[in-house]
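Reading through the structure tokens given below for one structure.
The values are calculated or read from the model by the stated rules, or taken from the named source; none is laboratory data. Here the structure is a predicted model, which means the values were calculated and not measured. For neighbour counting, all protein chains shown are included, and Cβ atoms are generated from backbone atoms with ideal geometry for every residue, glycine included. Note: accessible area is taken over every heavy atom of the protein model, side chains too, but ligands, DNA and RNA are not part of it. Shrake-Rupley method; radii C 1.70, N 1.55, O 1.52, S 1.80 Å.
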Amino acid sequence: MKVPFGWLKEYVDWQGTPEEVADLLTMSGTEVEGIAWVGAPRDPENLSRFVVGRVVTRERHPNADRLSLCTVDVGEHNGGVKQIVCGADNFQAGDVVAVSLSGAVLESGLKLKKANLRGVESDGMMLSEQELGYEAKSPGIVVLPFDWEVGRALSDYLPVSEAVLELELTSNRPDCFSIYGIAREVAAASGAKLAPPPTAGPAVLGGAPAEASIAVQVTAPDLCPRYAVRVIRGMRAGDSPPWLKARLTHAGMRPINNIVDVTNYVMLAWGQPLHAFDAAKIAGGTLVARRAKAGEKIVTLDGVERRLDDEMLVIADVEKPLVIAGVFGAVDAEVDEHTTDVVLEAANFSGASILRTEMHTGIRSEASNRFEKGLDPDLVPGGLDFACRLFAELCGGTVAPGMVDVWSSGPTERRRLSYRPARADALLGYPIPADEQAAFLRRLECEVDEAGSVWTVSVPTFRPDLEREVDLIEEVGRLAGYERAPETLPLHRVAGGLTRPQQVRRAVRRALMGCGLDEVITYSFIAADALGPLGFSAGDPRLEPVRLANPMSAEQAVMRTTLLPGLLGAVRWNIDRHNEPPNLFEIGRVYLWDEPVPAPVHAAEPGAVLPREPEVVGIVLSGPLAPEEWTGAIRATDYYTLKGVVEATLAAVRLRGDYAPLGAAAARFPYLHPGKAAMVAVPGIGMAGVLGEVRPDVVAAYGLEDLSVHFATLSGRLMDVALGTALFEELGAYPPAVQDLAVVVDKDVAAATLIELARRAGGKLVQEVRVFDVYEGDQVPEGKRSLGLRVVMRSAERTLDEKDIASVRRKIVAALEREFGATLR
């Protein structure tokens, strides 16, 4: 949820910075994911160049038919009257306008300078809502209210630059899904003064009462406990004022028109979704909250015809359904430019019903996101009053007296809980004075009866999550501050340690981080089409993922069968934000069927066939492992870089890998470049993974064009053989002898095979064999290559002489010649 900082401060007397309120909210349990600054650059000098001006004169430009030559008063302290050339046509002399002076930097990054436009100097710019960031496109400049003071900073009236808090809210706190709800949290956590609810009704009512124009019936009270409407007559649909557009845009919603914008504004501010019906389009003057008929159809606002079932709630008139209740409106009663009379709905719907409808229709809106969590029925009248006041002020409407309110269960009673201050001290582990505990509870708008050792606490209706005494204790603890908890060791020390899998995971993490990689945790759910670019053939179980019966979104509809899409997504996320190409790893599970399952299964069903959930390690390299330094150019990442990372990982868990070309197995890994990939085998389990360069077309399909990406995956079966007993080996008292052999073999002979044969042929005196050089060129026959083998020999009992060395050399050369037709260069 996006919370504009300036809007938040309208409801709570907060004197600190956005960063301080973000820290306060996070430390009190409301996570702030980040702070985004929207609008023009926020330094005071730049903001001082955005001012309120008044058009003094407007004349035709002498050299351009579509331009106007204007003089604009921006206040004596800002330079008096400025000459500005403007291309808009929606203003006249005397209008109050938004002006950016020369030197100002706009949201787009454009820095204004004095310019010569068709032979005439222009000093500044009259701004449109597009340049202010409130609209994607504007036909003209923004005309401001006549009484705004000329020369005053524009930021005194409009959020020219504003911090927006990005909140990650939990589903058990529906009260936080509004700006006022977050203001409550700030006030409770800080003790700052909370403003009264912004729900004052219109100052003047007029015309016939609401019940004379509209009737309400609720035939499904289990799905719609409360349904209320008010009537507003004589409204004029049109553009919203700039301040309203700014609020909606910064909160993440698109302005539409003044009627719709007011309903969205109230929802964001107060938390109660609203819906405005064109009164002239309601057949029979009656709204009915009922279950849909099986197979009933409705055309929603996006122009899609949708088929409903009898478990969905609709709001209908006497002829047809008008909206899918709480989820999405329809074209049949849509507010448009001809609307004058509006029936305004505020309702309380069953959260479970709304969630089911979302899943079955695939529609999720800001309104349904709130309804699905279970809203407080007491929000309804405040939301209606709030919106009616704005309708009267902004749309010229006359609000009818009265409210038609059908409330099946009647007024909500506050939940009453017993509370023991001593129990709070015991559970929290540190004492909090009883009067301080009572003060914290009252900050949450609880009523507290402190009589005796057991208090009675009445919980506000907007806090459905407070059900038990322990919930109240948790609230006291978070408001008191988690930093008050003393740092103590557990009273009962229990001997124990990490399990073998935990030890392996820790060793793998440390090895990969030591190589310069960062660990990520990506979602187990991915989009259904995320696996397509990998090129798996038909029938491959990795192309038949586990499908979710009720996915949260299309982007999380199936469970991953490989870690690669998630890791590539993390790479793209970083690059899209202009970070350096990252090198990442993940330890997680993938989900694979042993055999195809045609329909979703429920884990609780007896005999249900469930997928395997093997644990794997995924590694992605997309950039250099070391930063560029003055000592020289950095080494580009390639297959051998990745192989070194894999070798370091295996070594960390006391394993050694044998590497071989993919060969016939290349069809199993179609996303890897066949000539730049290999399988890795580990003694005791056989094939343990694969590594190589991801094909460029696969990388491009994930939006990473022109990026070289290398990927490795290692099986969780490594845990079965990892971290074996480390055997002690003496360094040796006698010096080693080293022999270098340059052997010419066929290109398709693997170096690992040569090394293994050389080890065996050389016998117990051979301590190590490794490749130190590879050569292909004029001095080597076509189809062959020269491998330089360094043979290290050592005896634990004596210094090796020439005879010993020659004997080992002879055995190795003979074995290589016999097995591979090798020759010495």
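The mean of 1/r over all distinct Cα pairs in segment 44-159, once inverted, gives the Kirkwood hydrodynamic radius of 14.0 Å.
If both residues of a DSSP beta bridge must be in segment 210-407, then about 90% of such bridges are antiparallel.
Distance between the 7 Å Cα→Cβ label points at L498 and T170: 2.9 nm. Counting only protein heavy atoms and using a 1.4 Å probe, the accessible area of E166 comes to about 60 Å². Positive end of the dipole of segment 210-407 (Cβ unit charges, origin at the Cα centre): among A228, H360, V399, the Cα lying farthest that way belongs to H360. Rg over Rh for segment 500-721 works out to 0.97, both radii taken from alpha-carbon positions and Rh defined as the Kirkwood radius. Within segment 101-149, all pairs of alpha-carbon atoms sorted by distance into 5 Å bins from zero give the percentages 5, 18, 20, 24, 22, 10, 2. Kirkwood's formula applied to the C-alpha pairs of segment 268-332 gives a hydrodynamic radius of 12.3 angstrom. For the chain, the carbon plus sulfur part of the accessible surface works out to 51%, probe radius 1.4 Å. The Cα atoms of segment 748-825 define a convex hull whose projected area, averaged across directions, is 5.3 nm². Is segment 219-262 best put as rounded, prolate or oblate by its Cα gyration tensor, with a ≥ b ≥ c the root eigenvalues, rounded for a/c under 1.5, and otherwise prolate when a/b is larger than b/c, oblate when not? It comes out oblate by the Cα gyration axes.
Phi angles across segment 695-700 convert, under the Karplus curve 6.51 cos²θ - 1.76 cosθ + 1.60 with θ = phi - 60°, into 3J(HN,Hα) values of 4, x, 5, 5, 4, 5 Hz, Gly and Pro given as x. Of the residues M513, M793, the one with the largest accessible area comes first in the ranking M513, M793, computed with a 1.4 Å probe on protein heavy atoms. Computed with every protein chain present, the accessible area of L194 is close to 50 Å² [probe 1.4 Å]. Rolling a 1.4 Å probe over the protein heavy atoms leaves F585 with an accessible area of roughly 0 Å². From helices alone, the chain scores -7500 deg cm²/dmol at 222 nm; the rule is -39500 (n - 2.57) for each run of n ≥ 4 DSSP H residues, then divide by the residue total. Across segment 415-480 the C-alpha pair distances fall into 5 Å bins from zero in the proportions 4, 20, 35, 28, 11, 2 percent. Rounded to the nearest 10 degrees, the angle from helix 179-190 to the longest Cα principal axis of the chain is 70 degrees.
Can you tell me the 0 to 90 degree angle between the C-alpha axis of helix 18-27 and the longest principal axis of the chain, rounded to 10? Tilt relative to the chain: about 70 degrees. Sorted from greatest to least, the principal axis extents spanned by the alpha carbons of the chain come out as 116, 81, 60 Å. Ranking L642, S102, S622 by Cα position along the charge dipole of the chain, where only Lys, Arg, Asp and Glu carry charges on their C-beta atoms, puts L642 farthest toward the positive end.
Dividing the Cα radius of gyration of segment 360-443 by its Kirkwood radius returns 1.17 for Rg/Rh. Backbone geometry of segment 204-218 corresponds, through the Karplus equation with coefficients 6.51, -1.76 and 1.60 at θ = phi - 60°, to 3J(HN,Hα) couplings of 10, 10, x, x, 5, x, 4, 5, 6, 10, 8, 10, 10, 10, 10 Hz, x marking Gly and Pro.
Assign one of three labels to segment 682-789, namely rounded, prolate or oblate, based on the Cα gyration tensor with a ≥ b ≥ c the square roots of its eigenvalues; rounded applies when a/c is under 1.5, prolate when it is not and a/b is larger than b/c, and oblate otherwise. Cα axes put segment 682-789 in the oblate bin. In degrees between 0 and 90, to the nearest 10, how far off the longest principal axis of the chain does helix 802-820 point, with axes built from Cα atoms? The helix 802-820 is inclined about 60 degrees to the chain. Across segment 114-126, rounded Karplus estimates of 3J(HN,Hα) from the backbone phi angles (6.51 cos²θ - 1.76 cosθ + 1.60, θ = phi - 60°) give 4, 9, 9, 10, 6, x, 10, 6, 10, 10, x, 8, 8 Hz, Gly and Pro being marked x.
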